[in-house]
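Have a look at the structure below before the remarks.
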Amino acid sequence: MPVESERKPGSEPAQGKVTIAQIAVEAGVSIPTVSKVVNGRTDVAAATRERVEEIIRRHGYQRRSDERARRSNLLELMFHELESIWALEIMRGVEQVASEHDLAVVLSESQGRLTPGRGWLEKVLARRPIGVVSVFSDLSADQLAKLESRNIPVVVVDPVGEPGERTYSIGATNWNGGLIATRHLIELGHRRIAVIGGPERVLCSRARVDGYRAALDTAGLPVDPALVRYGDFHVEAGRAQLTELLRLEDRPTAVFAGSDLQAFGVYEAARAAGLRIPDDLSVIGFDDLPVAGWVGPPLTTIRQPLQEMAAAGARLVLSLARGEEAEHRRVELATSLVVRASTAPPAR
(Lines give C-alpha, C1' and ligand atoms only; values in the text may rest on other atoms or scores of the structure.)
Protein backbone atom coordinates (compact mmCIF):
# COMPACT_ATOMS: atom_id res chain seq x y z
CA MET A 1 0.00 0.00 0.00
CA PRO A 2 1.47 3.44 -0.90
CA VAL A 3 2.74 5.60 1.94
CA GLU A 4 0.90 8.92 2.04
CA SER A 5 3.23 10.68 4.47
CA GLU A 6 5.87 9.93 7.07
CA ARG A 7 5.44 10.93 10.69
CA LYS A 8 8.38 12.77 12.18
CA PRO A 9 9.69 11.29 15.44
CA GLY A 10 7.77 12.64 18.41
CA SER A 11 4.91 14.07 16.34
CA GLU A 12 1.29 12.92 16.58
CA PRO A 13 -0.82 12.43 13.44
CA ALA A 14 -4.05 14.35 13.15
CA GLN A 15 -7.17 12.56 14.39
CA GLY A 16 -8.58 10.40 11.59
CA LYS A 17 -5.61 11.16 9.25
CA VAL A 18 -3.15 8.54 10.44
CA THR A 19 -1.78 6.23 7.75
CA ILE A 20 -0.82 2.59 7.83
CA ALA A 21 2.82 3.63 7.51
CA GLN A 22 2.57 5.83 10.60
CA ILE A 23 0.84 3.07 12.55
CA ALA A 24 3.64 0.70 11.57
CA VAL A 25 6.30 3.13 12.87
CA GLU A 26 4.52 3.62 16.18
CA ALA A 27 3.85 -0.10 16.66
CA GLY A 28 7.39 -1.05 15.66
CA VAL A 29 6.22 -3.44 12.95
CA SER A 30 6.23 -3.54 9.16
CA ILE A 31 3.62 -1.94 6.91
CA PRO A 32 2.50 -5.40 5.63
CA THR A 33 1.88 -6.48 9.24
CA VAL A 34 -0.40 -3.50 9.87
CA SER A 35 -2.14 -4.20 6.56
CA LYS A 36 -2.76 -7.79 7.69
CA VAL A 37 -4.36 -6.58 10.92
CA VAL A 38 -6.54 -4.05 9.09
CA ASN A 39 -7.70 -6.76 6.67
CA GLY A 40 -8.42 -9.39 9.32
CA ARG A 41 -5.58 -11.74 8.45
CA THR A 42 -4.99 -14.37 11.13
CA ASP A 43 -1.24 -14.82 10.60
CA VAL A 44 -0.31 -12.09 13.11
CA ALA A 45 0.69 -12.75 16.72
CA ALA A 46 -2.06 -11.89 19.21
CA ALA A 47 0.09 -9.40 21.13
CA THR A 48 1.10 -7.63 17.91
CA ARG A 49 -2.51 -7.52 16.74
CA GLU A 50 -3.66 -5.96 20.02
CA ARG A 51 -0.86 -3.36 19.89
CA VAL A 52 -1.78 -2.36 16.35
CA GLU A 53 -5.51 -2.28 17.12
CA GLU A 54 -4.87 -0.07 20.16
CA ILE A 55 -3.02 2.46 17.98
CA ILE A 56 -5.81 2.30 15.39
CA ARG A 57 -8.38 3.08 18.10
CA ARG A 58 -6.31 5.82 19.70
CA HIS A 59 -5.73 7.71 16.46
CA GLY A 60 -9.15 7.09 14.97
CA TYR A 61 -7.74 5.43 11.85
CA GLN A 62 -10.21 4.82 9.04
CA ARG A 63 -9.62 2.96 5.81
CA ARG A 64 -9.21 5.46 2.96
CA SER A 65 -12.47 6.24 1.18
CA ASP A 66 -11.01 5.25 -2.18
CA GLU A 67 -10.68 1.69 -0.86
CA ARG A 68 -14.47 1.29 -0.71
CA ALA A 69 -14.39 0.31 -4.36
CA ARG A 70 -12.25 -2.70 -3.45
CA ARG A 71 -14.86 -4.23 -1.13
CA SER A 72 -16.41 -7.55 -2.09
CA ASN A 73 -20.00 -7.84 -3.33
CA LEU A 74 -21.00 -9.45 -0.05
CA LEU A 75 -23.55 -8.51 2.58
CA GLU A 76 -22.80 -10.03 6.00
CA LEU A 77 -25.84 -11.29 7.94
CA MET A 78 -25.03 -12.29 11.51
CA PHE A 79 -27.40 -14.06 13.93
CA HIS A 80 -26.88 -15.17 17.50
CA GLU A 81 -28.53 -18.43 16.43
CA LEU A 82 -30.03 -19.79 13.23
CA GLU A 83 -32.17 -22.71 14.43
CA SER A 84 -35.50 -20.93 14.16
CA ILE A 85 -38.23 -20.23 11.60
CA TRP A 86 -38.01 -16.67 12.94
CA ALA A 87 -34.50 -16.44 11.47
CA LEU A 88 -35.81 -17.64 8.11
CA GLU A 89 -38.10 -14.61 7.86
CA ILE A 90 -35.15 -12.30 8.48
CA MET A 91 -33.09 -14.09 5.83
CA ARG A 92 -35.84 -13.62 3.27
CA GLY A 93 -35.94 -9.88 3.86
CA VAL A 94 -32.17 -9.44 3.53
CA GLU A 95 -31.95 -11.75 0.51
CA GLN A 96 -34.65 -9.74 -1.25
CA VAL A 97 -32.56 -6.55 -1.01
CA ALA A 98 -29.31 -8.35 -1.84
CA SER A 99 -30.76 -9.81 -5.05
CA GLU A 100 -31.97 -6.35 -6.10
CA HIS A 101 -28.34 -5.16 -5.95
CA ASP A 102 -26.64 -8.32 -7.29
CA LEU A 103 -25.05 -9.07 -3.93
CA ALA A 104 -24.40 -12.36 -2.18
CA VAL A 105 -25.36 -12.87 1.47
CA VAL A 106 -22.92 -14.48 3.91
CA LEU A 107 -24.59 -16.04 6.95
CA SER A 108 -22.72 -16.26 10.23
CA GLU A 109 -23.80 -17.32 13.71
CA SER A 110 -22.45 -16.58 17.17
CA GLN A 111 -23.76 -19.97 18.35
CA GLY A 112 -26.17 -18.71 20.98
CA ARG A 113 -23.91 -15.96 22.34
CA LEU A 114 -25.40 -12.50 22.06
CA THR A 115 -21.93 -11.04 21.47
CA PRO A 116 -19.89 -12.91 18.84
CA GLY A 117 -16.28 -13.87 19.56
CA ARG A 118 -13.17 -12.36 18.00
CA GLY A 119 -12.98 -15.13 15.40
CA TRP A 120 -16.16 -13.82 13.79
CA LEU A 121 -14.81 -10.29 13.48
CA GLU A 122 -11.53 -11.41 11.91
CA LYS A 123 -13.43 -13.40 9.29
CA VAL A 124 -15.61 -10.38 8.50
CA LEU A 125 -12.58 -8.12 8.10
CA ALA A 126 -10.99 -10.68 5.77
CA ARG A 127 -14.16 -10.93 3.65
CA ARG A 128 -14.43 -7.12 3.44
CA PRO A 129 -18.21 -7.06 2.96
CA ILE A 130 -20.13 -3.97 1.91
CA GLY A 131 -21.74 -3.95 5.34
CA VAL A 132 -23.05 -6.02 8.26
CA VAL A 133 -26.65 -6.65 9.29
CA SER A 134 -26.51 -7.90 12.88
CA VAL A 135 -29.69 -9.58 14.11
CA PHE A 136 -30.70 -9.91 17.77
CA SER A 137 -27.06 -9.57 18.75
CA ASP A 138 -25.05 -7.27 20.94
CA LEU A 139 -21.80 -6.27 19.26
CA SER A 140 -19.24 -4.89 21.69
CA ALA A 141 -18.00 -1.30 21.47
CA ASP A 142 -14.61 -2.67 20.42
CA GLN A 143 -16.12 -4.73 17.58
CA LEU A 144 -18.16 -1.77 16.35
CA ALA A 145 -15.07 0.47 16.45
CA LYS A 146 -13.01 -2.01 14.43
CA LEU A 147 -15.71 -2.29 11.77
CA GLU A 148 -16.07 1.50 11.64
CA SER A 149 -12.31 1.93 11.20
CA ARG A 150 -12.50 -0.29 8.10
CA ASN A 151 -15.49 1.65 6.69
CA ILE A 152 -17.77 -1.38 7.12
CA PRO A 153 -21.17 -0.02 8.22
CA VAL A 154 -23.30 -1.97 10.70
CA VAL A 155 -27.06 -1.94 11.23
CA VAL A 156 -28.59 -3.86 14.12
CA VAL A 157 -31.99 -5.46 13.55
CA ASP A 158 -34.01 -6.12 16.73
CA PRO A 159 -31.30 -4.87 19.13
CA VAL A 160 -30.71 -6.78 22.35
CA GLY A 161 -30.07 -3.69 24.46
CA GLU A 162 -30.52 0.04 24.16
CA PRO A 163 -28.63 1.02 20.98
CA GLY A 164 -25.74 3.39 21.52
CA GLU A 165 -25.99 6.90 20.14
CA ARG A 166 -23.69 5.94 17.24
CA THR A 167 -25.52 2.70 16.42
CA TYR A 168 -27.99 2.36 13.56
CA SER A 169 -30.87 0.02 14.37
CA ILE A 170 -34.18 -1.27 13.05
CA GLY A 171 -36.79 -2.55 15.48
CA ALA A 172 -40.53 -2.83 16.02
CA THR A 173 -43.02 -1.13 18.33
CA ASN A 174 -42.70 -3.84 20.97
CA TRP A 175 -44.27 -1.85 23.81
CA ASN A 176 -47.33 -1.08 21.72
CA GLY A 177 -47.51 -4.72 20.64
CA GLY A 178 -47.59 -5.86 24.26
CA LEU A 179 -50.21 -3.24 25.01
CA ILE A 180 -52.60 -4.23 22.21
CA ALA A 181 -52.13 -7.95 22.85
CA THR A 182 -53.11 -7.59 26.50
CA ARG A 183 -55.87 -5.10 25.73
CA HIS A 184 -57.39 -7.64 23.29
CA LEU A 185 -57.56 -10.23 26.08
CA ILE A 186 -59.00 -7.69 28.54
CA GLU A 187 -61.69 -6.67 26.05
CA LEU A 188 -62.67 -10.34 25.74
CA GLY A 189 -63.30 -10.34 29.50
CA HIS A 190 -60.11 -11.93 30.84
CA ARG A 191 -58.80 -10.74 34.18
CA ARG A 192 -56.26 -13.45 35.06
CA ILE A 193 -53.81 -12.85 32.21
CA ALA A 194 -50.31 -14.30 32.32
CA VAL A 195 -47.35 -13.11 30.28
CA ILE A 196 -44.34 -15.19 29.22
CA GLY A 197 -41.66 -12.81 28.02
CA GLY A 198 -38.35 -13.57 26.43
CA PRO A 199 -35.02 -13.07 28.26
CA GLU A 200 -35.51 -10.41 30.92
CA ARG A 201 -32.37 -8.45 29.91
CA VAL A 202 -33.38 -8.19 26.24
CA LEU A 203 -34.84 -4.84 25.16
CA CYS A 204 -37.72 -6.13 23.02
CA SER A 205 -38.78 -8.60 25.72
CA ARG A 206 -38.83 -5.93 28.42
CA ALA A 207 -40.83 -3.61 26.17
CA ARG A 208 -43.48 -6.28 25.47
CA VAL A 209 -43.88 -7.03 29.17
CA ASP A 210 -44.02 -3.31 29.95
CA GLY A 211 -46.81 -2.98 27.39
CA TYR A 212 -48.65 -5.81 29.15
CA ARG A 213 -48.28 -4.01 32.49
CA ALA A 214 -49.50 -0.73 30.97
CA ALA A 215 -52.63 -2.38 29.55
CA LEU A 216 -53.52 -3.90 32.93
CA ASP A 217 -52.86 -0.62 34.70
CA THR A 218 -54.99 1.35 32.24
CA ALA A 219 -57.85 -1.13 32.79
CA GLY A 220 -57.51 -0.81 36.57
CA LEU A 221 -56.31 -4.39 36.94
CA PRO A 222 -53.49 -5.36 39.31
CA VAL A 223 -50.31 -6.98 38.00
CA ASP A 224 -49.91 -10.31 39.81
CA PRO A 225 -46.15 -11.08 39.97
CA ALA A 226 -47.00 -14.80 39.90
CA LEU A 227 -48.37 -14.35 36.38
CA VAL A 228 -45.25 -12.64 35.01
CA ARG A 229 -42.76 -15.17 33.64
CA TYR A 230 -39.71 -15.09 31.38
CA GLY A 231 -38.30 -17.58 28.89
CA ASP A 232 -35.99 -17.55 25.88
CA PHE A 233 -38.50 -17.09 23.02
CA HIS A 234 -38.37 -20.84 22.19
CA VAL A 235 -41.03 -23.56 22.32
CA GLU A 236 -39.69 -25.32 25.41
CA ALA A 237 -39.83 -22.12 27.47
CA GLY A 238 -43.52 -21.68 26.67
CA ARG A 239 -44.25 -25.29 27.57
CA ALA A 240 -42.31 -25.14 30.84
CA GLN A 241 -43.72 -21.80 31.98
CA LEU A 242 -47.35 -22.71 31.33
CA THR A 243 -46.85 -26.00 33.19
CA GLU A 244 -45.77 -23.92 36.20
CA LEU A 245 -48.62 -21.42 35.77
CA LEU A 246 -51.21 -24.21 35.75
CA ARG A 247 -50.03 -25.25 39.22
CA LEU A 248 -51.27 -21.95 40.66
CA GLU A 249 -54.40 -22.17 42.79
CA ASP A 250 -55.94 -19.36 40.73
CA ARG A 251 -54.58 -20.21 37.30
CA PRO A 252 -54.72 -17.79 34.35
CA THR A 253 -57.52 -17.87 31.81
CA ALA A 254 -55.33 -16.31 29.12
CA VAL A 255 -51.64 -16.17 28.23
CA PHE A 256 -49.74 -13.56 26.26
CA ALA A 257 -46.60 -15.29 24.95
CA GLY A 258 -43.68 -13.05 23.97
CA SER A 259 -43.14 -14.99 20.75
CA ASP A 260 -45.11 -17.35 18.51
CA LEU A 261 -42.65 -20.12 19.31
CA GLN A 262 -43.36 -19.75 23.03
CA ALA A 263 -47.08 -19.73 22.20
CA PHE A 264 -46.65 -23.10 20.47
CA GLY A 265 -45.06 -24.39 23.68
CA VAL A 266 -48.09 -23.09 25.57
CA TYR A 267 -50.27 -25.11 23.17
CA GLU A 268 -48.31 -28.26 24.00
CA ALA A 269 -48.56 -27.77 27.77
CA ALA A 270 -52.27 -26.94 27.58
CA ARG A 271 -53.03 -30.09 25.62
CA ALA A 272 -50.95 -32.19 28.00
CA ALA A 273 -53.07 -30.80 30.85
CA GLY A 274 -56.32 -31.61 29.03
CA LEU A 275 -57.17 -27.96 28.34
CA ARG A 276 -58.82 -26.81 25.13
CA ILE A 277 -57.75 -23.63 23.34
CA PRO A 278 -59.56 -21.20 23.45
CA ASP A 279 -62.40 -22.77 25.46
CA ASP A 280 -60.31 -23.26 28.61
CA LEU A 281 -57.35 -21.02 27.83
CA SER A 282 -56.90 -18.13 25.41
CA VAL A 283 -53.44 -17.75 23.87
CA ILE A 284 -51.90 -14.86 21.96
CA GLY A 285 -48.38 -14.80 20.52
CA PHE A 286 -45.99 -12.30 19.01
CA ASP A 287 -44.32 -12.31 15.54
CA ASP A 288 -46.99 -13.68 13.17
CA LEU A 289 -44.75 -16.36 11.68
CA PRO A 290 -46.30 -18.10 8.65
CA VAL A 291 -46.93 -21.25 10.71
CA ALA A 292 -49.14 -19.25 13.12
CA GLY A 293 -51.99 -19.53 10.65
CA TRP A 294 -51.54 -23.28 10.22
CA VAL A 295 -51.54 -24.57 13.80
CA GLY A 296 -54.75 -25.78 15.39
CA PRO A 297 -56.41 -23.59 16.35
CA PRO A 298 -54.83 -20.81 14.26
CA LEU A 299 -52.94 -18.47 16.57
CA THR A 300 -54.02 -14.94 17.42
CA THR A 301 -50.81 -12.94 17.48
CA ILE A 302 -49.09 -9.59 17.15
CA ARG A 303 -47.61 -9.13 13.71
CA GLN A 304 -44.00 -8.03 13.83
CA PRO A 305 -42.94 -7.20 10.26
CA LEU A 306 -39.79 -9.32 10.30
CA GLN A 307 -39.13 -9.37 6.56
CA GLU A 308 -39.72 -5.64 6.30
CA MET A 309 -37.42 -4.98 9.28
CA ALA A 310 -34.66 -7.07 7.71
CA ALA A 311 -35.09 -5.42 4.31
CA ALA A 312 -34.99 -1.97 5.92
CA GLY A 313 -31.78 -2.92 7.73
CA ALA A 314 -30.15 -4.16 4.52
CA ARG A 315 -31.16 -1.01 2.59
CA LEU A 316 -29.80 1.19 5.36
CA VAL A 317 -26.46 -0.66 5.31
CA LEU A 318 -26.16 -0.15 1.56
CA SER A 319 -27.04 3.52 1.92
CA LEU A 320 -24.37 4.00 4.59
CA ALA A 321 -21.84 2.13 2.44
CA ARG A 322 -22.46 4.68 -0.32
CA GLY A 323 -21.56 7.42 2.14
CA GLU A 324 -25.12 8.72 2.46
CA GLU A 325 -26.44 10.24 5.68
CA ALA A 326 -29.30 8.43 7.43
CA GLU A 327 -32.23 10.56 8.55
CA HIS A 328 -32.67 8.52 11.75
CA ARG A 329 -30.36 6.21 13.65
CA ARG A 330 -33.24 4.32 15.29
CA VAL A 331 -36.24 3.19 13.21
CA GLU A 332 -39.24 1.27 14.58
CA LEU A 333 -41.79 -0.40 12.31
CA ALA A 334 -45.38 -0.79 13.47
CA THR A 335 -46.81 -3.92 15.05
CA SER A 336 -50.47 -4.92 14.66
CA LEU A 337 -53.02 -7.36 16.07
CA VAL A 338 -53.96 -10.40 13.98
CA VAL A 339 -57.05 -12.08 15.43
CA ARG A 340 -57.50 -15.79 14.72
CA ALA A 341 -59.10 -18.63 16.64
CA SER A 342 -56.94 -19.02 19.77
CA THR A 343 -58.60 -16.26 21.79
CA ALA A 344 -62.20 -16.11 23.12
CA PRO A 345 -64.09 -14.88 26.19
CA PRO A 346 -63.25 -16.82 29.36
CA ALA A 347 -65.45 -19.78 30.27
CA ARG A 348 -65.38 -18.88 33.94
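Sub-7 Å Cβ pairs linking a first residue in region 113-126 that is closer than 14 Å to D43 by Cα to a second residue that is among the charged types (D, E, K, R), at least 6 apart or interchain, are L125/R150; A126/R41, ordered by first then second residue. Within region 81-104, the set of residues being more than 18 Å from F136 (Cβ to Cβ), assigned to a helix (DSSP H, G or I) and among the small types (G, A, S) comprises A98, S99. When region 325-348 is limited to residues that are part of a loop (DSSP other than H, G, I, E, B) and among the aliphatic types (A, V, I, L, M), the one that is farthest from T301 (Cα to Cα) turns out to be A326. Here A347 passes the criteria (1) more than 19 Å from P290 (Cβ to Cβ); (2) under 19 Å from the mean Cα position of the chain (by Cα) except the one numbered (2). In region 265-273, is there at least one residue being β-branched (V, I, T), free of Cβ contacts under 8 Å to residues at least 60 places away in the same chain, farther than 30 Å from R166 by Cβ and surrounded by 15 or more Cβ atoms within 10 Å (Cβ to Cβ)? No, every residue in region 265-273 fails to be β-branched (V, I, T), free of Cβ contacts under 8 Å to residues at least 60 places away in the same chain, farther than 30 Å from R166 by Cβ and surrounded by 15 or more Cβ atoms within 10 Å (Cβ to Cβ). Evaluating N151 against the criteria (1) closer than 22 Å to H234 by Cα; (2) in a loop (DSSP other than H, G, I, E, B) leaves one unmet condition, (1).
Residues checked against (1) under 23 Å from R118 (Cβ atoms); (2) assigned to a helix (DSSP H, G or I); (3) outside the structural domain of A141 (by TED's automatic domain parsing); (4) modelled with pLDDT of 70 or more:
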site: P2; (1), (2), (3), (4): no, no, yes, no
site: E6; (1), (2), (3), (4): no, no, yes, no
site: E12; (1), (2), (3), (4): no, no, yes, no
site: Q22; (1), (2), (3), (4): no, yes, yes, yes
site: V25; (1), (2), (3), (4): no, yes, yes, yes
site: V29; (1), (2), (3), (4): yes, no, yes, yes
site: T33; (1), (2), (3), (4): yes, yes, yes, yes
site: E53; (1), (2), (3), (4): yes, yes, yes, yes
site: I56; (1), (2), (3), (4): yes, yes, yes, yes
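The values are calculated or read from the model by the stated rules, or taken from the named source; none is laboratory data. Since the model is a prediction, treat every value here as computed from it, not as a measurement. Cβ atoms come from the backbone with ideal geometry, glycine included; neighbour counts cover every protein chain shown.
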